[in-house]
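The values are calculated or read from the model by the stated rules, or taken from the named source; none is laboratory data. Because the structure is a prediction, the values reported are computed rather than measured. Cβ: placed from backbone, ideal geometry, glycine included. Neighbour counts: every protein chain shown. We work out accessible area using only protein heavy atoms, side chains counted, and drop any ligands, DNA or RNA first. Shrake-Rupley method; radii C 1.70, N 1.55, O 1.52, S 1.80 Å.
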Amino acid sequence: MAKVLLPLADGCEELEAVTIIDVLRRAEIEVVVAGLKEGPVRASRGVTLVADMTLDAALARGGFDAVVLPGGMGGTHALAADARVAALLKELAAAGKTVAAICAAPLV
């Protein structure tokens with residue numbers, strides 16, 4: 001089964017994050033939702049999202065076939081500023097794995 005990481009940061013676009021998670025899980029793809037920090041994530045429209053684990057915990061587990069970044073300007077800026085995210089994107093791209101982003105997130 002494919003394993004996809006979806007990192008969440010405050011200011012992410014909730015509809016994009018939840019839709020990606022839902023569609024991939026319906027396709028029986030394992031999705032690991034990882035918050036950049038401990039605790040709930042406050043999305044761009046005030047919806048509170050709860051990640052499965054922190055990004056550090058997810059990276060410790062590893063084994064990702066893909067990473068998908070949801071949009072939302074606040075979340076995009078937070079993802080772009082995070083060295084862990086940058087390193088993961090470079091690692092997966094160099095390995096020929098899937099790196100995907102929606103809306104504002106290609107800026108990362």
To check you understand DSSP bridge types, tell me what percent of the beta bridges within the chain (both residues inside) are antiparallel, rounded to 5. 10
Tell me, what % of the accessible area of the chain is carbon and sulfur with a 1.4 angstrom probe? 58
With +1 on each Lys and Arg Cβ and -1 on each Asp and Glu Cβ, how big is the dipole of segment 12-108 about its Cα centre, in debye rounded to the nearest 20? 140
List the aspartates and glutamates whose Cα sits under 14 Å from the Cα of Lys97, skipping any in the same chain fewer than 8 residues away. Asp65
Estimated inter-spin distance, Ala83 and Thr48, nm [label 7 Å along Cα→Cβ]: 3.2
Computed helical MRE - 222 nm, the chain, DSSP H runs ≥ 4 contributing -39500 (n - 2.57), nearest 500: -11000 deg cm²/dmol
[x] 2, 13, 20, 20, 16, 13, 8, 4, 2, 1, 1, 0; [y] 2, 14, 26, 28, 21, 7, 1, 0; [z] 2, 13, 21, 24, 24, 14, 2, with the label sought being that of the calculated P(r) over Cα pairs in 5 Å bins from 0, in percent: [y]
Among Pro106, Ala87, Leu69 - extreme Cα towards positive end, dipole of the chain, charges at beta-carbon: Ala87
Once you place label points 7 Å from the Cα toward the Cβ at Asp22 and Asp56, how far apart are they in nm? 3.3
State to the nearest 20 debye the size of the charge dipole of segment 10-61 about its Cα centre, where the only charges are +1 on K and R beta carbons and -1 on D and E beta carbons. 60
